Amino acid sequence: MFKSIIRFLKWQIGSRLVPGDVIYQWVNEAKIIVRPHETGLTQNIYCGLHEFEDMSFLLHVLRKDDLFVDVGANVGSYTVLACAAVGANGISIEPVPDTYLRLTNNVNINNVSEQVACINMGVADKEGVIRFTSDLDTMNHALSDNEDSSNSILVNVKTLDSLLVEKKPYVIKIDVEGFELPALMGAQTVLSNESLHAIIIELNNSGEKYGHSEVDIINKIEEFGFSPYQYDPGSRKLVLLNGKNTKSQNTLFIRNVESVEKRLLESPAFSVLDQEV
């Protein structure tokens, strides 16, 4: 905790003395471009991994040449971990143009542009055009019927099934600020593919503004043989849950758990903040 406070103070002072983008050396030589006041990326500077359990799971379970799909990639922290720190291939989908540019910059600075296909688009249960917020940093989202925004933009959306034709992801991360159920409804073929072993999905009740609950999301995922788990990076064990992970914004859903557990135990350690995990 003390070291985290020191890193916080150093960043706060340094970012004021020398404002602007900072290239931060992160995990296993991977880099991220950080700006002052970014809620997600700056937490990686303070804590090493701002979503420690889920990011550790990604780093431990993926292998070189696996396919990782990052839905709602934002500026690409999960993409950088999967593709630059581990060496996996990636497909990263981000709907907001300014954020998408930041995503591509993080991909390019790590020299993984040949491994990662970046797509400036949203996902839904059918093809069309949806209005999105554009000025809420990591909280940008598709506008609900009862919502208004003075800085909204129109975004093309497609289904994951149409975007991932003949692709075989090992892990998919879905962080679409409450629009998870439509994203899943458009991914029936992807979810049925036995190559997919794990889903990292945000569950924070944001879906209520679109008229669906977390139970709807969990039931949909479980239809395809997945079960909810929490990951302990220290022991490298998966803990079966009864519903969502109440200690995190995200919940892991695993299929073929024995195969996944074997990978986790056999994975090399990764290096973050001069520590091996």
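The values are calculated or read from the model by the stated rules, or taken from the named source; none is laboratory data. Source: prediction; values computed, not measured. Reconstructed Cβ throughout: ideal geometry from the backbone, glycine too, with neighbour counts over all protein chains shown.
Give the number of residues within segment 231-257 that are within 17 Å of Met55 (Cβ to Cβ), of a type in the set (D, E, K, R) and surrounded by 12 or more Cβ atoms within 10 Å (Cβ to Cβ).
3
Which fully enclosed helices (runs of 4 or more DSSP H) of segment 1-78 have 2 or more residues being hydroxyl-bearing (Ser, Thr, Tyr) and at pLDDT below 95?
2-17, 41-47
On the basis of being acidic (Asp, Glu), modelled with pLDDT of 95 or more and either over 21 Å from Ala73 (Cα atoms) or under 19 Å from the mean Cα position of the chain (by Cα) (or both), does Glu208 make the cut? Even if it seems obvious, please write down each step before you answer.
Values: acidic (Asp, Glu): yes; modelled with pLDDT of 95 or more: no; either over 21 Å from Ala73 (Cα atoms) or under 19 Å from the mean Cα position of the chain (by Cα) (or both): yes.
No; evaluated as a whole, the condition is false for this residue.
Does Ser144 qualify as being at pLDDT below 90 and more than 21 Å from the chain's Cα centre (by Cα)? Steps first, answer last, please.
Numbers: at pLDDT below 90: yes; more than 21 Å from the chain's Cα centre (by Cα): yes.
Considered against the rule, which asks whether it is at pLDDT below 90 and more than 21 Å from the chain's Cα centre (by Cα), Ser144 comes out as yes.
Of these, Asp137, Asp125, Asp145, which one is under 23 Å from Ala84 (Cβ atoms), of a type in the set (Asp, Glu) and in contact with a helix residue (DSSP H, G or I) (Cβ under 9 Å, 6 or more places away or on another chain)? Don't jump to the end; show me each part of the working.
On the way: Asp125 fails: under 23 Å from Ala84 (Cβ atoms); Asp145 fails: under 23 Å from Ala84 (Cβ atoms).
Exactly one residue qualifies, and that residue is Asp137.
Name the pairs whose Cβ atoms lie under 6 Å apart, with the first residue in segment 29-44 and on the phi < 0 side of the Ramachandran plot and crowded, with 18+ Cβ neighbours inside 10 Å, the second in a loop (DSSP other than H, G, I, E, B) and at pLDDT below 85, and 6 or more positions between them or separate chains?
From residues that are on the phi < 0 side of the Ramachandran plot and crowded, with 18+ Cβ neighbours inside 10 Å, the pairs are Ile33/Asp21.
Condition first: within 16 Å of the chain's Cα centre (by Cα), under 24 Å from Val157 (Cβ atoms) and among the hydrophobic types (A, V, I, L, M, F, W, C). Can you find one or more residues in segment 221-240 that meet it?
The answer is no; no qualifying residue exists.
Look through Leu101, Leu136, Leu143 and report the one residue that is without any contact (Cβ under 8 Å) to a residue 24 or more places away in the chain and in contact with a strand residue (DSSP E or B) (Cβ under 7 Å, 6 or more places away or on another chain).
Values: Leu101 fails: in contact with a strand residue (DSSP E or B) (Cβ under 7 Å, 6 or more places away or on another chain); Leu136 fails: in contact with a strand residue (DSSP E or B) (Cβ under 7 Å, 6 or more places away or on another chain).
Among Leu101, Leu136, Leu143, only Leu143 is without any contact (Cβ under 8 Å) to a residue 24 or more places away in the chain and in contact with a strand residue (DSSP E or B) (Cβ under 7 Å, 6 or more places away or on another chain).
How many of the residues in segment 231-276 are farther than 22 Å from Leu191 by Cα and either acidic (Asp, Glu) or touching a Gly at 6+ places or on another chain (Cβ under 8 Å) (or both)?
7
Please enumerate the residues belonging to segment 126-174 that are touching a Phe, Trp or Tyr at 6+ places or on another chain (Cβ under 8 Å) and among the basic types (Lys, Arg).
Lys173
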